[in-house]
Amino acid sequence: MKKIYSTVICFFALLLSVSASETVEGNAVIRGRITTAEGSAAPDVAIQVKGSSKGAISDDGGNFLIRGLAAGSYELHISLVGYQEVNEKVVLGANETSVINIRLQLTQKELQEVIIRSGVRSYRAATVSSSLRLQAPLLEIPQNIQVVTGKALSDQQVISMSDGVIRNVSGAVRMEHWGDMYTNISSRGSQIQAFRNGFNMVNSYWGPLTEDMSFVDHIEFVKGPAGFMLGNGDPSGMYNVVTKKPSGQTKGEAGFTIGSFDLYRATLDLDGKLSEDGKLLYRFNLAGQQKKSHRANEFNNRYTFAPVISYQLDEKTKLTAEYTWQYAKMSDVGSFYVFSTDGFATLPVGFTQLPAGLPATNINDHSALLNIQHHLGSKWKLTGQLAYSNYYQNGSSMWPNAVNTNGTMIRAVGSWEAKSTMTMGQFFLNGDVTTGTVRHRILGGIDVANKEYFADWGQSHALDTVGAEFDTRNPYLGTPVNGYPHFDYSTPLEQRATAIGGTMALRNTGVYLQDELGFFENRIRLTLAARYTTVTQSEWGGAPTTADRFTPRIGLSFSLDKQTTVYGLFDEAFIPQAGKLAGGGKVKPITGSNLEFGIKHDWAGGRWNTGLSVYRILKNNELTADPFSAPTSGLSIVMGQKKAQGVEFDLKGHIAKGLDLVANYAYTDSKVTKVAAGVTSIKVGDVVPGYATHTANAWITYRLQDGALKGLGFSAGYMFLDGRNTFWDVSPDPAKVLPAYHKVDAGLSYEKDKMTISLNVFNVMNKYLYSGSYYAWLSAYNWQTDPPRNLRLGVNFRF
């Protein structure tokens, strides 16, 4: 702990020196709002004070703020792609605040679709949210980071985090999931971590609950280790869901969607001011959904309530409070799985073993976030965040006790009552200063978290009996011969969970320091950083273990010109693990390193961009059971090493007049590269399960710009997976493997004034689509089917 204390002391010493240095600057302020020729807010506009390093970028509401100015005359240079540049003169007195409003004029008609009425109307993003802590443009960050914008989510009619989001990101797949209960995305050969507004929301292998898109602004995918966000976790990466915040505009939107399988959905988004001076703002999102499935007796009803309030305390300090409640009532979460000894897809696409009367699973998910941002002069900003999450689930999970070769099975239902609590805090400092000719983008931060999870899955009830098995070839979905389960909840959940090993706990503290040094007018950028993390965790009721580690991060980014960047990155992560070594000694955490190289390019003045990256991830020290000890001994040995490597390509943006496109491709290869002596269950060259070797996606939208049909849009999408590796066990029959996955979608839409009508047809070719695996414990294949051809019709009104 001495290491972390000394690091914290150094961090606060730096903070104090920064505060002192800022006192020599002026206290005058320029603030204002940028709008387009149509009167809409203009985000991502560059405002630069001529002859100075000071400047700002307008936010989603078109607002900007420049602090730390001395009294005098200034000239602002204001620019945005596709609009005429503006030079605005401002005269400031001591301690004075000047407010200006600028309306930009178009220079090219074809860019009219780049700006939407309230935000970026594009599949491309130029920056990431402040919750990712990085203050550089995406073009300059030495890592593959992909942003799924609100425009892409809207056009594709995505309604939850598990509903097609991954088509927008190269190499992202869902190999194993429980319907719409949780997302579990794999990338670069492993499952990635799930974040929301900068906090790691993972507290078990079954969470968090998938976010409803009604309160989501956009989603950020970080490929590979992200030391600036995560000290302990799989080195394959993370995604960060960014929720909607007040924009400072008074506006609203109501949406209604109907679709196949009795989908009925309504959303409401209200955005506005609670005070005349604009200091107190609000955002309120509400959603309700009823939805059935292509399988009988399945349903997924969701309700969401998400208010946000922000208050500008003064010119330097802003406070934001956010609460999100999600309620889900869904059919048994294990019913999505289908089992057969005959192989994959040997039963109809709509087959289910779910009886009609099985009680539903109910989930209440509450989360709260408090964020405060304080500017220390014009070059430094402090951010503090506190988050609390409380999740409760009461339901069941179907899983067979036996699957027979004659097509019969004995269905069983297990209890699944669970609760999760998480308390997390963050404090970080961003700075942008110059020493001599070197620019420094500085980031320093402290993270703490305390998480607990309790689950009772120890009670089981067989629905069928020997001699009266369930027949998959002639299914009866009425009351089972053995009746429905009645689980015993008389003792507290914590006691039941502890008795069966259904507990997990984690405490972690991390300190992160980073300096991005910019040379030669910031054309060459060198990132030097390190994180120190200490973690105490326990799983499956085991004793807690503690591990700590320094993880370095080194990046180099070079701007060939204003549109092109090449980069290289080395970053590390680690995962604590529990166990007892057969030969004695201390169990080391799993270590992971990422070596990545790439090139990024903005085309057509930044309207669209491409990125190409190659990477290699190594994972070491993972434990496996000791083959020379009894299975009940609990002894382990170090397995060896795993390596994931591949190539990723992404294209996003506004390609031409009326044309928007997302396209990506990834090649992934993940295998065992070293095996410790005595390990016989695996060998060098074995595939690490849970990924697809080839993935390719595209989504294209074209909208007519002129004529009587102006506003009419056409969309088409394609998803392709090949070389899919099963999640659990390898099939004993080489002929029974997961086939290539091909999915075609198409859509029509119409925009006029304040109304948008959208119709999307998914799985146009009506293919039998599924994911699955062989399961050795049952000597059977299992799979989950995607819906056959289905459609969604949505109407949105803006006011």
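The values are calculated or read from the model by the stated rules, or taken from the named source; none is laboratory data. As the structure is a prediction and not an experimental result, all values here were calculated from the model. Neighbour counts run over all protein chains shown; Cβ positions are idealised from the backbone, glycine included.
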Complete set of residues in region 661-709 that are at positive phi and in contact (Cβ under 8 Å) with a residue 40 or more places away in the chain: GLY678, GLY690
Residue match in region 661-681 (condition: in contact with an Asp or Glu (Cβ under 8 Å, 6 or more places away or on another chain), over 21 Å from SER613 (Cβ atoms) and modelled with pLDDT under 90): yes
Hey, GLY407 of a type in the set (Gly, Ala, Ser), at positive phi and in contact (Cβ under 8 Å) with a residue 24 or more places away in the chain or not: yes
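So, restricting to strands (runs of 3 or more DSSP E) that lie completely within region 715-799, which ones have at least 1 residues that are within 18 Å of LEU153 (Cα to Cα)? Explain how you work it out, then say what you get.
Details: elements: 741-752, 755-762, 770-775, 780-785, 790-798.
Those strands (runs of 3 or more DSSP E) span 741-752, 755-762, 790-798.
Considering only residues of region 726-751 that are farther than 17 Å from TYR702 by Cα and of a type in the set (Gly, Ala, Ser), which is surrounded by the fewest Cβ atoms within 10 Å (Cβ to Cβ)? Steps first, answer last, please.
Step one: filter region 726-751 for residues farther than 17 Å from TYR702 by Cα, giving 726-743.
From what is left, the residues that are of a type in the set (Gly, Ala, Ser) are 731, 735, 740.
Numbers: SER731: 17, ALA735: 6, ALA740: 11.
Looking at the filtered set, the residue picked out is ALA735.
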First in region 253-277 and without any contact (Cβ under 8 Å) to a residue 40 or more places away in the chain, second anywhere and not in a strand (DSSP E or B), Cβ under 8 Å, 6 or more apart: ASP262/LYS291; TYR264/LYS291; GLY272/PRO246; GLY272/GLN249; GLY272/THR250; LYS273/GLY248; LYS273/THR250
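Conditions (1) in contact with a Leu (Cβ under 6 Å, 6 or more places away or on another chain); (2) among the hydroxyl-bearing types (Ser, Thr, Tyr); (3) under 21 Å from ASP59 (Cβ atoms); (4) part of a loop (DSSP other than H, G, I, E, B), marked per residue:
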residue	(1), (2), (3), (4)
GLY227	no, no, no, yes
TYR239	no, yes, no, no
LEU270	no, no, yes, no
ARG283	no, no, yes, no
Number of the exception - GLY458 against (1) assigned to a strand (DSSP E or B); (2) closer than 22 Å to LEU493 by Cα: (1)
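Output the residues belonging to region 59-76 that are outside any loop (DSSP other than H, G, I, E, B) and loosely packed, with under 15 Cβ neighbours inside 10 Å. First the steps, then the outcome.
From region 59-76, those outside any loop (DSSP other than H, G, I, E, B) are 63-69, 72-76; that's our starting set.
Hits for region 59-76 are GLY72, SER73, GLU75.
Taking region 262-295 only, how many residues are within 30 Å of GLN353 (Cα to Cα) and surrounded by fewer than 16 Cβ atoms within 10 Å (Cβ to Cβ)?
The number of residues fulfilling the criteria is 3.
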Breaking point among (1) of a type outside the set (Phe, Trp, Tyr); (2) modelled with pLDDT under 90; (3) surrounded by 24 or more Cβ atoms within 10 Å (Cβ to Cβ), for GLN143: (2)
Extreme residue, surrounded by the fewest Cβ atoms within 10 Å (Cβ to Cβ), among residues of region 774-795 that are in contact with a strand residue (DSSP E or B) (Cβ under 6 Å, 6 or more places away or on another chain) and of a type in the set (Ser, Thr, Tyr): TYR775
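From the list GLY478, GLY467, GLY483, which one is over 34 Å from the mean Cα position of the chain (by Cα), surrounded by fewer than 21 Cβ atoms within 10 Å (Cβ to Cβ) and more than 28 Å from MET181 (Cβ to Cβ)?
On the way: GLY478 fails: more than 28 Å from MET181 (Cβ to Cβ); GLY483 fails: more than 28 Å from MET181 (Cβ to Cβ).
Selected residue: GLY467, the only one of GLY478, GLY467, GLY483 that is over 34 Å from the mean Cα position of the chain (by Cα), surrounded by fewer than 21 Cβ atoms within 10 Å (Cβ to Cβ) and more than 28 Å from MET181 (Cβ to Cβ).
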Filter result (surrounded by fewer than 22 Cβ atoms within 10 Å (Cβ to Cβ), at pLDDT 95 or above and charged (D, E, K, R)) within region 499-521: ASP515
Segments classed as strands (runs of 3 or more DSSP E), wholly inside region 305-420, with at least 3 members that are of a type outside the set (A, V, I, L, M, F, W, C): 317-330, 361-376, 380-398
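State which residue is nearest to the chain's Cα centre (by Cα) when the search covers only region 290-327 and only residues that are aliphatic (A, V, I, L, M) and either modelled with pLDDT under 95 or more than 17 Å from ILE372 (Cα to Cα) (or both). Even if it seems obvious, please write down each step before you answer.
Going residue by residue through region 290-327, those that are aliphatic (A, V, I, L, M) are 296, 306, 308-309, 313, 319, 321.
Subset that is either modelled with pLDDT under 95 or more than 17 Å from ILE372 (Cα to Cα) (or both): 296, 306, 313.
Numbers: ALA296: 31, ALA306: 18, LEU313: 31 Å.
My answer is ALA306.
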Condition broken by ALA402, with the remaining ones in (1) in contact (Cβ under 8 Å) with a residue 60 or more places away in the chain; (2) more than 38 Å from the chain's Cα centre (by Cα) satisfied: (2)
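Residue-by-condition table, conditions (1) farther than 30 Å from ILE446 by Cβ; (2) buried (at least 17 other Cβ atoms within 10 Å of the Cβ); (3) of a type outside the set (Gly, Ala, Ser):
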| site | (1), (2), (3) |
| --- | --- |
| PRO307 | no, no, yes |
| ALA328 | yes, yes, no |
| VAL349 | yes, yes, yes |
| ASN390 | no, no, yes |
| GLN393 | yes, yes, yes |
Single match in THR149, THR183, THR127 (criterion: among the hydroxyl-bearing types (Ser, Thr, Tyr) and within 11 Å of the chain's Cα centre (by Cα)): THR183
Candidate set: region 668-702, residues that are of a type in the set (Phe, Trp, Tyr) and crowded, with 18+ Cβ neighbours inside 10 Å; chosen: the one nearest to the chain's Cα centre (by Cα): TYR691
Some residue of region 231-240 being out of contact with any Ser or Thr (no Cβ under 7 Å at 6 or more places or on another chain) and at pLDDT 90 or above: yes
Positions within region 159-176 being part of a loop (DSSP other than H, G, I, E, B) and surrounded by 24 or more Cβ atoms within 10 Å (Cβ to Cβ), in sequence order: ILE159, MET161, VAL169, SER170, GLY171, ALA172
